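Colleague: Next up is a structure, given as structure tokens.
The values are calculated or read from the model by the stated rules, or taken from the named source; none is laboratory data. Predicted, not measured: the structure shown is a model, and the values here were computed from it. When we count neighbours, we look across all protein chains shown, and the Cβ atoms used for this are built from the backbone with ideal geometry, even at glycine.
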Amino acid sequence: MDAGKREGTFKPNLRQEGCEREKKKDERGGLGEMKAAAKTKTPRKPGQKNGSSNNLKDPVGVYCRLRPLSVPDQECCVKVINTTTVQVHPPDGYRIFRNGEYKEVQYSFKEVFNVGGTQKHVFDVVAKPLVDDLIHGKNGLLFTYGVTGSGKTYTMTGSPGDGGLLPRCLDMIFNSIGSLQAKRYVFKLDDKNGVEVQCDVDALLERQKREVFQTPKTPSSNRRQIDPEIADMINVQNNCKAEEVDEDNVYSVFVSYIEIYNNYIYDLLDEGPFDAIKPKLPQSKILREDQNHNMYVAGCTEVEVKSTEEAFEVFWRGQKKRRIANTQLNRESSRSHSVFLIKLAQAPLDASGDNVLQDRELITFSQLSLVDLAGSERTNRTKAEGNRLREAGNINQSLMTLRTCIEALRENQTYGTNKMVPYRDSKLTHLFKNYFDGEGKVRMIVCVNPKAEDYDESLQVLRFAELTQEVEVARPAEKPVCGLIPGRRFKNQAFREELSRQLEIRGGPIDGDRERSITEVLLQNFPPMSSCELLDIHDDQTLPRLIEVLEKRHRIRQMLLEEFTKNVHSVKGMLQELDSSIVSKENYAQVKMAERDKFIAAQKTEIERLEKKAKTLEYKIEILEKTTTIYEEEKRNLQQELESKSQKLQRQVSDKRRLEARLQGMVTETTMKWEKECERRVAAKQLEMQNKLWVKDEKLKQLKAIVTEPKGSKPERPSREKDREKPLQRSLSPPPVPVGCL
């Protein structure tokens, strides 16, 4: 069957499917349910106001990458249509559907990397813009997603000779800031996800303290001392640099490595004391929120690195501790989500270009998170048991929470609702909630294994990935520039070079030799002294010549002295002018400083007022929360009371119906009994009347016989007939009726 004939049976695009489903849901009354659910509002992030100028949003960038088949003749269920579309068709065992049609589904992404796509091409398209944003002070999140064995770890880490995204990101960072890095410990991280700048003396003391009292944990950056296992991975030879790097800033890179295992966070760089007799289990870390409402892992090890080799060796040390296991689908299956955090701190230099400004507000702290998600899997295929089954359940649960959060964000943006996004249901989504709230760009690489056995899982993964593109993330606000003159570092360097050049032209700095040379030059301007010896008494020429030379030398000396005095006066005037200009500038600076102090004082007063207002509002919110809790408790009690009363009423109604049915049965039974009794009495009365009529007839016959009988015959005695009638009447009389039946 060719593509033209199958075109009519293609499954529509998933966005059209979603629209049709939502239309049907609206027809069934689903829109009313969504409006009712919109009453539970997500708390607004502090500092965000309606009508802000930064309303631009970017969709989540989703890319698809296909893994080559392990066997050349293996059946394939995924095919690349073009650079943005893939087509999924069921394998031979799945081609018969309920309606008997052969269906194929197409999914569109920002870009599709075919089987022949290189690691460098993937990096240039996906990760390079994120690294560029990192150097310019913006955050970024990149995670790989897919089924077990689809190539997620290979995409992130790479293989010997072909490094992945992580080593290439590190290489680009250090290529861009290599000569602009600060010395170790100039930037110091605190325990609250913040950073501060230390002076050179404190940084030097910190370095000496670490060298003397601690064994250095960071490896050397010399390539000859690198583990051969990772030497080929970091030799990417990318030579990629960021554009427009601020050369008046100094930079420092900090890395950390964590994993999320069974919904617990563990530090992979933690090197606590090892006890061989009674080893301690690794302690899980907790998530906290800093003063800027960003989530971070409290107590996580953060290492300052100065080269690509050093950073990747830190990563590899943590990679060896990551939890992996052998399953039916993958020989080394990741049993946890790994997160490699790259933090870049930068601060501007002062006006001289020599020292780092220690104003904490001028420090820019950006972060790039590289996440290798564990693969989703089905236990009936992996044959997982025991711990593996528990791990698979936690992995699938966290990925399901991620899907739920994405769907909630998509629903809020599509229909304008404010449905609560369940970030806290999983540590994975809770850690990265700030990125979806507008703290940086989000990128996803969906790795797909096109083999036929993964058809069902690949279908679900691609469907979710395509829906993720509909979620839009707000662009982060541009950070203000500190206001100093650009080019301070190189202007200061150029000034020093020019000063040394001019000194060289003029003979170098003025020292003792230089002073002697100047004296010799000045003495050369004087006329030479003639001989002062008087050999003859009558010599009258030597003394006049000597007097003439001395007079000339005296005149020259007077001229040089006058010129020197004039130069001294001019220099004094220049110094006075410079002094007055300096004084005026100092006065101007003092005025400006006073104005700035007033402005700062006013700002502090305003901040104090806002803090008091915030505390008041927090107190009111706390009171409202307590009141809401009381009302909710009262509501629950009333609901329970209402339910108990309704149940009691239902029981009473059922008892009443049961009693009515019972009484109805008794009435029917009594009615039938009385009908039978009346019939019996009527029959007995009829029999009695018939007996009476018979008796009367007999009497009439006897009376007639007496009347018509001859006179000589004797009539029978009537007393005997009366005696015979009495027992007959008693036998025909009805039985007495009981009083209870009446």
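Colleague: Residues that are touching a Gly at 6+ places or on another chain (Cβ under 9 Å), at pLDDT below 80 and part of a strand (DSSP E or B): does segment 316-330 have at least one?
Modeller: no
Colleague: Moving on to the next point. Before we move on, is Arg596 modelled with pLDDT under 85, surrounded by 10 or more Cβ atoms within 10 Å (Cβ to Cβ) and not acidic (Asp, Glu)?
Modeller: no
Colleague: Can you tell me which residues in segment 137-174 are modelled with pLDDT of 90 or more and among the acidic types (Asp, Glu)?
Modeller: Once the filter is applied, which keeps residues that are modelled with pLDDT of 90 or more and among the acidic types (Asp, Glu), segment 137-174 yields only Asp171.
Colleague: Would you check which residues across segment 410-458 are within 30 Å of Gly137 (Cα to Cα), hydroxyl-bearing (Ser, Thr, Tyr) and outside any loop (DSSP other than H, G, I, E, B) and list them?
Modeller: Tyr423, Thr429, Tyr435
Colleague: Would you please name the residue that is surrounded by the most Cβ atoms within 10 Å (Cβ to Cβ), looking only at residues in segment 130-154 that are over 19 Å from the mean Cα position of the chain (by Cα) and closer than 21 Å to Ala345 by Cβ?
Modeller: Taking the candidates together, the pick is Ile135.
Colleague: Let me ask something additional. Have a look at Tyr619, Tyr631 and point out the one that is outside the structural domain of Gln291 (by TED's automatic domain parsing), aromatic (Phe, Trp, Tyr) and over 30 Å from Gln291 (Cβ atoms).
Modeller: Going through Tyr619, Tyr631 in turn, just one is outside the structural domain of Gln291 (by TED's automatic domain parsing), aromatic (Phe, Trp, Tyr) and over 30 Å from Gln291 (Cβ atoms): Tyr631.
Colleague: Restricting the search to segment 155-180, which residues are surrounded by fewer than 20 Cβ atoms within 10 Å (Cβ to Cβ) and hydrophobic (A, V, I, L, M, F, W, C)?
Modeller: The answer is Leu180, and nothing else.
Colleague: Would you pick out the residues in segment 141-161 that are in a helix (DSSP H, G or I), over 23 Å from Tyr296 (Cα atoms) and touching a strand residue (DSSP E or B) at 6+ places or on another chain (Cβ under 7 Å)?
Modeller: Lys152, Thr153, Thr155 - these are the residues of segment 141-161 that are in a helix (DSSP H, G or I), over 23 Å from Tyr296 (Cα atoms) and touching a strand residue (DSSP E or B) at 6+ places or on another chain (Cβ under 7 Å).
Colleague: From the list His89, His121, which one is touching a Cys at 6+ places or on another chain (Cβ under 9 Å), at pLDDT below 95 and within 19 Å of Cys447 (Cα to Cα)?
Modeller: His89
Colleague: Inspect all residues belonging to segment 114-121 and state whether any of them is in a helix (DSSP H, G or I) and touching a Pro at 6+ places or on another chain (Cβ under 9 Å).
Modeller: The answer is no; no qualifying residue exists.
Colleague: Give all pairs with beta carbons closer than 7 Å in which a residue from segment 548-571 that is at negative phi meets a residue that is hydroxyl-bearing (Ser, Thr, Tyr) and surrounded by 10 or more Cβ atoms within 10 Å (Cβ to Cβ); count only pairs at least 6 apart in sequence or on separate chains.
Modeller: Pairs found: Val549/Ser530.
Colleague: Next question. Here are Gly393, Gly375, Gly353: which of them is at pLDDT below 85, among the small types (Gly, Ala, Ser) and more than 24 Å from Lys320 (Cα to Cα)?
Modeller: Gly353
Colleague: Same structure again: Quick check: anything in segment 162-175 within 30 Å of Asn449 (Cβ to Cβ) and assigned to a loop (DSSP other than H, G, I, E, B)?
Modeller: Checked against the condition, which is being within 30 Å of Asn449 (Cβ to Cβ) and assigned to a loop (DSSP other than H, G, I, E, B), segment 162-175 yields at least one hit.
Colleague: Please give the number of the condition Met529 fails out of (1) at pLDDT below 70; (2) in a loop (DSSP other than H, G, I, E, B); (3) surrounded by fewer than 11 Cβ atoms within 10 Å (Cβ to Cβ).
Modeller: The failed condition is (3).
Colleague: While we're here: Kindly list the number of the only condition in (1) among the β-branched types (Val, Ile, Thr); (2) under 23 Å from the mean Cα position of the chain (by Cα); (3) at pLDDT below 90 that fails for Val71.
Modeller: Unmet for Val71, out of (1) among the β-branched types (Val, Ile, Thr); (2) under 23 Å from the mean Cα position of the chain (by Cα); (3) at pLDDT below 90: (2).
Colleague: Restricting attention to segment 61-79, and to residues there that are crowded, with 21+ Cβ neighbours inside 10 Å and hydrophobic (A, V, I, L, M, F, W, C), which single residue is nearest to Thr118 (Cα to Cα)?
Modeller: Ranking the candidates gives Leu66 first.
Colleague: Continuing with this model, one more query. From the set of residues in segment 426-481 that are polar (S, T, N, Q) and within 30 Å of Pro72 (Cβ to Cβ), which is surrounded by the fewest Cβ atoms within 10 Å (Cβ to Cβ)?
Modeller: Per the stated criteria, the residue is Gln460.
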